[in-house]
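Everything on this sheet refers to the single structure shown next.
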Amino acid sequence: MTRPDHGKALTAAARVDVQVVQLAPPVLIRRAIAHYNARLAPGKRPAETTSSEAFLKRLCVNWLRHTGSNYDAHRNGVRSSGGQQLSETAGTVIKKRVLTQIARTYPWLAEEAHRQYRELDRPARR
């Protein structure tokens, strides 16, 4: 049975205004690379414009989701209104909506956005 606060959070997650910034591909790629490299763990190889296309697309989708959209703000709002399980469930709804919007806004990133979307439906590996 769904708790009332759980249902409200899921309804809110389905209704939040999802927006993704629109940037020219070279600008987006530069920003995604800079963001990734700024957070790089020691010993990891930095991203470059010559990195593989698949890797750069993953970085771009991740940058758009976390920095170029309102995903984190919406997810954090849900998180503050309920427990961790509630946050994860409603957060997944928001994440899927943001990934769908990224695919619409950036057709050249649609395959990667769809891949990340599908990953959300796979059971966690232990």
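The values are calculated or read from the model by the stated rules, or taken from the named source; none is laboratory data. None of the values given here were measured: they were computed from a predicted structure. Methodologically, a virtual Cβ is constructed for each residue, glycine included, from the backbone with ideal geometry; neighbour enumeration extends over all protein chains shown.
Mind listing whichever residues of segment 6-26 are outside any loop (DSSP other than H, G, I, E, B) and either among the charged types (D, E, K, R) or surrounded by 10 or more Cβ atoms within 10 Å (Cβ to Cβ) (or both)?
Taking segment 6-26 and keeping what is outside any loop (DSSP other than H, G, I, E, B), we get 6-15, 20, 25-26.
Within segment 6-26, His6, Gly7, Lys8, Ala9, Leu10, Thr11, Ala12, Ala13, Ala14, Arg15, Val20, Pro25 qualify.
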Pair list, Cβ < 7 Å and 6+ apart or interchain, from segment 80-98 residues that are under 29 Å from Gln22 (Cβ atoms) to residues that are surrounded by 16 or more Cβ atoms within 10 Å (Cβ to Cβ) and modelled with pLDDT under 60
none
Taking segment 41-100 and keeping only residues that are among the aliphatic types (A, V, I, L, M), modelled with pLDDT of 95 or more and assigned to a helix (DSSP H, G or I), one is left with Ala54, Leu56, Leu59, Val61, Leu64, Leu99
